[in-house]
1. Note down all Cβ pairs under 7 Å where the first residue falls in segment 50-67 and is part of a helix (DSSP H, G or I), the second is among the basic types (K, R) and surrounded by fewer than 17 Cβ atoms within 10 Å (Cβ to Cβ), and they're at least six residues apart or on different chains.
2. Give T88, T79, T38 a once-over and let me know the one that is of a type in the set (S, T, N, Q), part of a loop (DSSP other than H, G, I, E, B) and modelled with pLDDT of 90 or more.
3. Would you confirm whether or not segment 163-182 contains a residue that is outside any helix (DSSP H, G or I) and of a type in the set (D, E)?
4. Could you figure out which of (1) within 24 Å of G72 (Cα to Cα); (2) not hydroxyl-bearing (S, T, Y); (3) not assigned by TED's automatic domain parsing to the domain that holds N82 isn't true of L155?
5. Return yes when I123 is part of a strand (DSSP E or B) and touching a helix residue (DSSP H, G or I) at 6+ places or on another chain (Cβ under 7 Å) and no when it is not.
6. Only one residue in M148, M185 is outside any helix (DSSP H, G or I) and touching a Ser or Thr at 6+ places or on another chain (Cβ under 8 Å). Which one?
7. E135 is checked against (1) touching a strand residue (DSSP E or B) at 6+ places or on another chain (Cβ under 9 Å); (2) part of a helix (DSSP H, G or I); (3) surrounded by fewer than 15 Cβ atoms within 10 Å (Cβ to Cβ) and fails just one. What number does that condition carry?
Amino acid sequence: MAHDYKAGRKPRQFYKRAWNGVLLVSVVAMASQASAGTKNGRFAIEGIGGAPCRQFVAESKAKSTVFHRMVGYTEGYLTASNVYEPNTFDLSPWHDTASLLIALDRHCQKNPNDLLATSIQKIAAALYPTRLSSESPRITITDGKQSMRVYVAVLQQAQNKLKARGLYGGPADGKYSPEVKAALMKYQQSAKLNPTGLPDPLTLWGLFKS
């Protein structure tokens, strides 16, 4: 798909709003939408989205102000995708910002000349098959000093995946029971992950992609 790119500077208030998740980034071009942009699939990229991947990698290492603007752009892009992508409540229901930034950093290291906006677009397209298509309540899982929020629907999917692997024999009820924790620990051990028993992003990524 061809694209027109237009990079420009925006005032500081623009980035402040993006960082707070208020601004919906002007370019929302999911790879799954053939009608995105013009009829030829072309679109303009505004602001920091026009920065090359090599700059993202450098700013990430420096943890600079520009990096925080890039984080805000990424979060704004994904929020806009949730708003405009059909049948989508949450495009990244089991990823936190940190894990998405790791994925973006890895992509950018391999593709230093890609633009930030198109790199996020590619990640968004990869996330699309595992999106949450309808609203789901969240529960808080606490284990010792560790605590996390997870959608009930995501936990149900994890239970079904664990059951398919023969690691869990209980119901797919979206509840974090001792049996679910034990099953997650067994999976984590088999996948050479830290056996916390928590449905963290790295665990769910491996569980869902199989």
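The values are calculated or read from the model by the stated rules, or taken from the named source; none is laboratory data. Model, not experiment: these values are computed from the prediction. Reconstructed Cβ throughout: ideal geometry from the backbone, glycine too, with neighbour counts over all protein chains shown.
1. G50/K6
2. On the way: T79 fails: part of a loop (DSSP other than H, G, I, E, B); T38 fails: modelled with pLDDT of 90 or more.
After applying the criteria, what remains is T88.
3. Step one: filter segment 163-182 for residues outside any helix (DSSP H, G or I), giving 165-177.
Filter again for of a type in the set (D, E), leaving 173.
Yes, some residue in segment 163-182 is outside any helix (DSSP H, G or I) and of a type in the set (D, E).
4. (1)
5. Working: part of a strand (DSSP E or B): no; touching a helix residue (DSSP H, G or I) at 6+ places or on another chain (Cβ under 7 Å): yes.
No, not satisfied.
6. Values: M185 fails: outside any helix (DSSP H, G or I).
Exactly one of M148, M185 is outside any helix (DSSP H, G or I) and touching a Ser or Thr at 6+ places or on another chain (Cβ under 8 Å), namely M148.
7. Result: E135 passes all but (2).
For every residue, the table says whether it meets (1) within 30 Å of A44 (Cβ to Cβ); (2) surrounded by 18 or more Cβ atoms within 10 Å (Cβ to Cβ); (3) at pLDDT below 95; (4) under 16 Å from the mean Cα position of the chain (by Cα).
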| site | (1), (2), (3), (4) |
| --- | --- |
| L115 | yes, yes, no, no |
| T118 | yes, yes, yes, yes |
| K122 | yes, no, yes, yes |
| I141 | no, yes, yes, no |
| V154 | no, yes, no, yes |
| R165 | no, no, no, no |
| K181 | no, no, no, no |
| G206 | no, no, yes, yes |
